[in-house]
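Working notes, structure below.
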Amino acid sequence: MAPPIPSATIERLPRYLRCLIDMSLDAERASSDQIAAAAGVNAAQVRKDLSFVGTQGTRGVGYEISDLIHNIRLVLGITKSYPVVIVGAGNLGSALSNYEGFRAWGFEIAALVDNDPEVIGTQVGDLTVESSRRLASIVKKRGIRIGIITTPASAAQGVADQLIQLGVKSILNLAPTVLKSGDGVGIRRVDLPTELGILAHHLSR
């Protein structure tokens, strides 16, 4: 049995993947130094991380980019399409639903839902905003695997609870609050004000 991949390595693999996809437009091979420079880490860390994905570089030649992209996708589990529902059709939710970059990574925005009668039925890109009352039907019929929450903080936990109850085990939380979940459910939180606060701290030093 292969050794488990460290969580820190898993955190860096998507960064390598993005860099490699960009590199593949102009090159067939890349050295660990080139990948490191693009990803903002050191070359030794790159070589150590990539040793977990089953692709070995050749001294003086580097890595075959297409093989590396394929193997990283296998490790991350993004070799197939994942239907996604966005809950909250405000500015952020609407902007995300229009982001074309998700499709290249195997994420298909299958639905955008909201509970505001004035928003329901409006068009956002290729999607029509649907009522959050239809969430159960949407998850079941469209095979939703991932939920993205862009609601106000006060509604986010209730949305998360509903998604979990409907069998959605992976949730990206962009609401400004910490969500609780049970075992077997992965919730990732992205809090933009917090990230800006960290940047402000570095500026003040």
- Message: Can you find a residue that is surrounded by fewer than 18 Cβ atoms within 10 Å (Cβ to Cβ) and either part of a loop (DSSP other than H, G, I, E, B) or in contact with an Asp or Glu (Cβ under 7 Å, 6 or more places away or on another chain) (or both) anywhere in region 128-137?
- Response: no
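Quick test for you: out of Q162, Q123, pick the one residue that is over 27 Å from K80 (Cβ atoms) and either out of contact with any Ser or Thr (no Cβ under 6 Å at 6 or more places or on another chain) or free of Cβ contacts under 8 Å to residues at least 12 places away in the same chain (or both). Write out each step before concluding.
Numbers: Q162 fails: over 27 Å from K80 (Cβ atoms).
When all the criteria are applied, what remains is Q123.
Can you pull out every residue in region 13-56 that is charged (D, E, K, R), surrounded by fewer than 18 Cβ atoms within 10 Å (Cβ to Cβ) and touching a helix residue (DSSP H, G or I) at 6+ places or on another chain (Cβ under 9 Å)?
Narrowing region 13-56 to residues charged (D, E, K, R): 15, 18, 22, 26, 28-29, 33, 47-49.
Narrowing the set further to residues that are surrounded by fewer than 18 Cβ atoms within 10 Å (Cβ to Cβ) leaves 15, 18, 22, 26, 28-29, 33, 47-48.
Selection gives R15, R18, D22, E28, R29, D33, R47, K48.
N115: assigned by TED's automatic domain parsing to the domain that holds Q157, touching a strand residue (DSSP E or B) at 6+ places or on another chain (Cβ under 9 Å) and of a type outside the set (A, V, I, L, M), yes or no? Before you say what the answer is, go through the steps one by one.
Details: assigned by TED's automatic domain parsing to the domain that holds Q157: yes; touching a strand residue (DSSP E or B) at 6+ places or on another chain (Cβ under 9 Å): yes; of a type outside the set (A, V, I, L, M): yes.
The answer is yes for N115.
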- Task: Evaluate the following for I120: is it under 22 Å from the mean Cα position of the chain (by Cα) and either of a type in the set (K, R) or at negative phi (or both)?
- Result: no
- Return yes or no: is I78 part of a strand (DSSP E or B) and closer than 25 Å to R15 by Cβ? no
- Query: Only one of (1) within 18 Å of A175 (Cβ to Cβ); (2) buried (at least 16 other Cβ atoms within 10 Å of the Cβ) is not met by A95, so which one is it?
  - Reply: (2)
- Yes or no: N98 at pLDDT 95 or above and assigned by TED's automatic domain parsing to the domain that holds A175? no
- Task: Quick one: G186 ticks every box in (1) on the phi > 0 side of the Ramachandran plot; (2) within 18 Å of the chain's Cα centre (by Cα); (3) exposed (fewer than 13 other Cβ atoms within 10 Å of the Cβ); (4) not polar (S, T, N, Q) except a single one, so which number is it?
- Result: (1)
- Members of region 81-100 found to be without any contact (Cβ under 8 Å) to a residue 40 or more places away in the chain and in a helix (DSSP H, G or I), listed by number: N91, S94, A95, S97
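The values are calculated or read from the model by the stated rules, or taken from the named source; none is laboratory data. Source: prediction; values computed, not measured. So basically every Cβ, Gly included, is an ideal-geometry build from the backbone, and we count neighbours across all protein chains shown.
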